[in-house]
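The values are calculated or read from the model by the stated rules, or taken from the named source; none is laboratory data. Just so you know, these numbers come straight off a predicted model, no measurement behind them. Every residue, glycine as well, gets a Cβ built from its backbone with ideal geometry; the counts of neighbours run over all protein chains shown. Heavy atoms of the whole protein, side chains included, go into the accessibility calculation; ligands, DNA and RNA do not. Shrake-Rupley method; radii C 1.70, N 1.55, O 1.52, S 1.80 Å.
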Amino acid sequence: MARIVIADDDADIRELVVFKLRHGGHEVVPVGDGAAAVEACTAQKPDLVILDVMMPGMSGLEAARALRQDSNMDGLPIIMWTARAQESNIQQAFEAGGSESIG
């Protein structure tokens, strides 16, 4: 199955998603912020990264931009999610390099 990095500062949400993905047979690397997501992606070259848009420190938007600037991450699918479902938030996610956005 796939190796997936998931970054969300809400531990309850992160652990629920990790549980579901692992139950589906995926290898999951959970982290609590954008900087840790970039570090995990650099170290482990996942098949997919899921980023919460709003996290303290390095946001999901900033993490997506950093990953898109790294040529070793070319083609890496990035799913971004946010509690904010306004069109401008979704547009920001795509502009930062998100492949898909869940609002």
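When only residues in segment 1-21 that are within 19 Å of Gly75 (Cβ to Cβ) and surrounded by fewer than 22 Cβ atoms within 10 Å (Cβ to Cβ) count, which is modelled with the lowest pLDDT? Only one residue tops the list, namely Met1.
The set of residues in segment 37-48 being open to solvent by less than 50 Å² (accessible area, probe 1.4 Å) and either more than 10 Å from the chain's Cα centre (by Cα) or touching a residue at least 40 places away in the same chain (Cβ under 8 Å) (or both) consists of Ala40, Pro46, Leu48.
Of the residues Gly75, Gly34, Gly24, Gly60, only one is open to solvent by less than 80 Å² (accessible area, probe 1.4 Å), out of contact with any Pro (no Cβ under 6 Å at 6 or more places or on another chain) and at positive phi; which? Result: Gly75 is the single residue among Gly75, Gly34, Gly24, Gly60 that is open to solvent by less than 80 Å² (accessible area, probe 1.4 Å), out of contact with any Pro (no Cβ under 6 Å at 6 or more places or on another chain) and at positive phi.
Taking segment 22-50 as the range and being modelled with pLDDT under 95 and not charged (D, E, K, R) as the test, only Gln44 passes.
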